[in-house]
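Note sheet for the following structure.
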Amino acid sequence: MSVGKRGICCMVSSSVVVEKEETARLLNRLLKDCGREHLRAVLPGREKEKELLLVSSAAMLQYAEGFSKCLAEYSLHEDPRLVGKQLTTYSLKEEAADYTACGLHTTAEGFSAFEIVGVGCIGRVRLRSLPQGGEETILMAASAAVVCGAPFAQVLASLQQMF
């Protein structure tokens, strides 16, 4: 929180730093739909207060300093730059990750469907359309929203309305 020119308190938004604009757009929509408007997904260098770093590639590890919480692709979880951080992982392949997406298939009705398995929860995602490579982007954004406090069921419901 900061004080503006006239002595009025202003809420400074906290930032979730992501690598790609596509991920930022999706995550911002999820955060808004789930009542987390005080958080904003941004690209590196545009952050305000550091809330969460989404590490989707080794290149993002350079931004780890100053973040207490990170969501990282599972293959990066042992990087020394993540030591001492509250770390959550995601993966399309590794079942040991905190959040995984599995079972991608097309239903008889033509929907793209898969499951997101999270810490203590499983949710089915059923979408009218799935953009190329969309499964990983959806997994990253959904996991980040939940790490930021959004209810898992609400995140899934929002995804199904969007796609």
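Selection over the stretch 131-152 of residues that are surrounded by fewer than 21 Cβ atoms within 10 Å (Cβ to Cβ) and either within 17 Å of residue 21 (Cα to Cα) or of a type in the set (Ser, Thr, Tyr) (or both) gives a count of 7. Each residue in the stretch 89-132 was checked for being modelled with pLDDT of 90 or more, assigned to a loop (DSSP other than H, G, I, E, B) and in contact with a Leu (Cβ under 9 Å, 6 or more places away or on another chain), and 2 pass. Any residue at all in the stretch 153-163 that is within 19 Å of residue 20 (Cβ to Cβ) and either of a type in the set (D, E, K, R) or surrounded by fewer than 13 Cβ atoms within 10 Å (Cβ to Cβ) (or both)? No, the stretch 153-163 contains no residue that is within 19 Å of residue 20 (Cβ to Cβ) and either of a type in the set (D, E, K, R) or surrounded by fewer than 13 Cβ atoms within 10 Å (Cβ to Cβ) (or both).
Among the residues of the stretch 85-120, the one identified as within 20 Å of residue 149 (Cα to Cα), more than 16 Å from the chain's Cα centre (by Cα) and not charged (D, E, K, R) is 120. The number of residues in the stretch 147-157 being part of a helix (DSSP H, G or I), more than 13 Å from residue 29 (Cα to Cα) and out of contact with any Cys (no Cβ under 6 Å at 6 or more places or on another chain) comes to 2.
The values are calculated or read from the model by the stated rules, or taken from the named source; none is laboratory data. The structure presented is a predicted model; accordingly, all values stated were derived computationally and were not measured. Ideal geometry is used to build each Cβ from the backbone, glycine not excepted, and the neighbour counts take in all protein chains shown.
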